[in-house]
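Notes for the one structure printed next.
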Amino acid sequence: KMKIYDISMEVKEDMVVWKNKNIKKPKIDITSTIKKNSANESRFHLDSHTGTHVDAPFHFLQNGKKIDAVSVDKFLGECIVIDLSDIKNRGIEKRDLIKAEIRKDDIVILRTSNEYKKTFDFNFVYLTETGAKFLASKNIKGVGINALGIERSQPDHGTHNALLGKDIAIFEGLELSKINAGRYFFIGLPLKFKDADGSPMRAVLVKF
């Protein structure tokens, strides 16, 4: 029997955001009400990398594809969730991934010990450049992680560049606390913003 798991963060005004920057806090305004105009309408003020989101190559590559130009098939497909929750306060290296049964065109989801608290954790577990290059060598379709970013303290953004340079989608802000390791079908569709560097999305895992 098919089971669907929602792995998206809830978007709200007091949610945790990248490095606790107030400019990245979402704002939700109710612009109309049923009492006045017979309908409720809301206005959302969001950073393109709010909560659960996907990075387009243009996020770090000046000539990279923008989100509306990325093929939709990059955002869904066969998926492997790798449990790396034993790793604490360091980066995920090639040695941590080499035994995983990663297939060509997989979407690789990294389930780490990271948690979403009220404030940003500057010591979150991330993917190193060597780990990213190893995954890129496996000809995968995408990489996701349960952190608001996939790299940490990399001035040259080696992790992003290693993946985006190969047109590998990056899914950040996944909510994986109730997800077990194994194979799933992943769906994470961004909004089709013209010329954008990324977009929030609703992500799910499907288990058949």
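The values are calculated or read from the model by the stated rules, or taken from the named source; none is laboratory data. Given the structure is predicted, the values throughout are model-derived calculations rather than measurements. No Cβ is skipped: glycine too gets one built from the backbone with ideal geometry, and neighbour counts run over all protein chains shown. To get the accessible areas, we keep the full protein, side chains included, count just its heavy atoms, and leave off ligands, DNA and RNA. Shrake-Rupley method; radii C 1.70, N 1.55, O 1.52, S 1.80 Å.
Which one is nearest to residue 83 (Cα to Cα), of the residues in segment 164-178 that are open to solvent by less than 10 Å² (accessible area, probe 1.4 Å) and not charged (D, E, K, R)?
This residue is 176.
Within segment 172-208, work out how many residues are polar (S, T, N, Q) and closer than 18 Å to residue 102 by Cβ.
1
Condition test on residue 104, is it of a type in the set (D, E, K, R), touching a Gly at 6+ places or on another chain (Cβ under 6 Å) and at pLDDT 95 or above?
Judged against the criteria, residue 104 is not a match.
Looking at segment 32-58, which of its residues are over 15 Å from residue 141 (Cα atoms) and open to solvent by less than 60 Å² (accessible area, probe 1.4 Å)? Break it down stepwise before answering.
Narrowing segment 32-58 to residues over 15 Å from residue 141 (Cα atoms): 32-53, 58.
32, 33, 39, 42, 47, 48, 49, 50, 51, 52, 53, 58 - these are the residues of segment 32-58 that are over 15 Å from residue 141 (Cα atoms) and open to solvent by less than 60 Å² (accessible area, probe 1.4 Å).
Kindly provide the set of residues from segment 1-20 that are among the aliphatic types (A, V, I, L, M) and in contact with a strand residue (DSSP E or B) (Cβ under 9 Å, 6 or more places away or on another chain), ordered by number.
Scanning segment 1-20 gives 2, 4, 7, 9, 11.
Could you say which residue among 29, 73, 86 is assigned to a strand (DSSP E or B) and loosely packed, with under 14 Cβ neighbours inside 10 Å?
29
Results for (1) open to solvent by less than 90 Å² (accessible area, probe 1.4 Å); (2) under 19 Å from the mean Cα position of the chain (by Cα); (3) not hydrophobic (A, V, I, L, M, F, W, C), shown as yes or no for each residue.
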{"residue": "91", "(1), (2), (3)": "yes, yes, yes"}
{"residue": "99", "(1), (2), (3)": "no, no, yes"}
{"residue": "103", "(1), (2), (3)": "no, no, yes"}
{"residue": "106", "(1), (2), (3)": "yes, yes, yes"}
{"residue": "121", "(1), (2), (3)": "yes, yes, yes"}
{"residue": "124", "(1), (2), (3)": "yes, yes, no"}
{"residue": "131", "(1), (2), (3)": "yes, yes, yes"}
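Filtering segment 14-26 down to residues that are touching a residue at least 40 places away in the same chain (Cβ under 8 Å) and in contact with a Phe, Trp or Tyr (Cβ under 6 Å, 6 or more places away or on another chain), which residue is surrounded by the most Cβ atoms within 10 Å (Cβ to Cβ)?
Among residues in segment 14-26 that are touching a residue at least 40 places away in the same chain (Cβ under 8 Å) and in contact with a Phe, Trp or Tyr (Cβ under 6 Å, 6 or more places away or on another chain), the one surrounded by the most Cβ atoms within 10 Å (Cβ to Cβ) is 16.
In this structure, is residue 161 open to solvent by 40 Å² or more (accessible area, probe 1.4 Å) and not hydroxyl-bearing (Ser, Thr, Tyr)?
Judged against the criteria, residue 161 is a match.
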